[in-house]
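Before any comments, here is the structure.
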Ligand SMILES: Cc1cc2nc3c(=O)[nH]c(=O)nc-3n(C[C@H](O)[C@H](O)[C@H](O)COP(=O)(O)O)c2cc1C
């Protein structure tokens, strides 16, 4: 860890989403590769945890938005257990952010708007991939892609009903800043019943 980074002190913003936004902006400004990549953990109906990377697409006033296939394993997990945890790690800043919360689907119109902003190839990809199902070979996917390209030639591609966005509404944040001698700074924010956030320092 470089000394320039390890000497940084942390004075947490009372609003954790604002704190997150400022760290996210710093990571983006620094040119970190895919700062919006987050590890998303979900739990299946039988209690088995799983995790995978998805991309953060928007920080709204109420939480974090990401997009996926609603029929995928993560979609099925969120259907039966609408809670998730996501982690960001920005190595050049020696920072980790951990966010837990409840998850809800975005409205159809919000998902439509985002879908329409995507490149055409990604739109067709969303139609032709039964995400995480077994496929016999790559040709199956490529043939389907070509069929759909022909089908939608010169037409707007509608959003597949099985594809859309989720909002993770945080109930817990933890900001971790690497420091010298393993005396890292950790700040936790816990959402209180009155809607305020309680901030605590955690031991590293
Ligand atoms: C850098 C990166 C970004 C990704 N972004 C997304 C994403 O935004 N949405 C998504 O559904 N999958 C995304 N994936 C693929 C997922 O990690 C995962 O393979 C897929 O969603 C299936 O997950 P599941 O079987 O747990 O549902 C991304 C993978 C990587 C490596």
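No lab work stands behind these numbers, since they all come straight from the coordinates. It should be emphasised that the depicted structure is a prediction, and the values quoted were computed from it without experimental measurement. Cβ placement follows ideal geometry from the backbone for every residue including glycine, while neighbour counts extend to all protein chains displayed.
Looking across the stretch 150-170 at every residue that is outside any loop (DSSP other than H, G, I, E, B) and touching a residue at least 24 places away in the same chain (Cβ under 8 Å), the one that is surrounded by the fewest Cβ atoms within 10 Å (Cβ to Cβ) is identified as 169.
Taken over the stretch 93-120, the criterion of being part of a loop (DSSP other than H, G, I, E, B) and either in contact (Cβ under 8 Å) with a residue 12 or more places away in the chain or more than 28 Å from residue 33 (Cβ to Cβ) (or both) is satisfied by 94, 106, 107. Restricting the first member to the stretch 36-56 and to residues that are free of Cβ contacts under 8 Å to residues at least 40 places away in the same chain and over 13 Å from residue 72 (Cα atoms), and the second to residues that are assigned to a loop (DSSP other than H, G, I, E, B) and near the ligand (Cβ under 7 Å from one of its atoms), the beta-carbon pairs closer than 8 Å and six or more apart or on different chains are 55/34. Restricting attention to the stretch 171-204, the residues that are touching a helix residue (DSSP H, G or I) at 6+ places or on another chain (Cβ under 7 Å) and part of a strand (DSSP E or B) total 4. For the stretch 128-148, a tally of residues being over 29 Å from the mean Cα position of the chain (by Cα), surrounded by fewer than 11 Cβ atoms within 10 Å (Cβ to Cβ) and either within 16 Å of the ligand (Cβ to nearest atom) or assigned to a helix (DSSP H, G or I) (or both) returns 1. Counting only residues that are buried (at least 18 other Cβ atoms within 10 Å of the Cβ), part of a helix (DSSP H, G or I) and more than 9 Å from the ligand (Cβ to nearest atom), the stretch 71-92 holds 1 of them.
Taking every residue in the stretch 62-74 that is within 7 Å of residue 131 (Cβ to Cβ) and pairing it with any residue that is near the ligand (Cβ under 6 Å from one of its atoms), at least 6 positions away or on another chain, the pairs with Cβ-Cβ distances below 6 Å are 69/131; 72/131; 72/132. Residue count for the stretch 10-50 under the criterion of being assigned to a loop (DSSP other than H, G, I, E, B), touching a strand residue (DSSP E or B) at 6+ places or on another chain (Cβ under 8 Å) and within 16 Å of the ligand (Cβ to nearest atom): the result is 5. Does at least one position in the stretch 54-64 carry a residue that is assigned to a strand (DSSP E or B), within 15 Å of the ligand (Cβ to nearest atom) and farther than 26 Å from residue 22 by Cα? No, the stretch 54-64 contains no residue that is assigned to a strand (DSSP E or B), within 15 Å of the ligand (Cβ to nearest atom) and farther than 26 Å from residue 22 by Cα.
Taken over the stretch 93-111, residues that are within 28 Å of residue 202 (Cα to Cα) and surrounded by fewer than 17 Cβ atoms within 10 Å (Cβ to Cβ) amount to 1.
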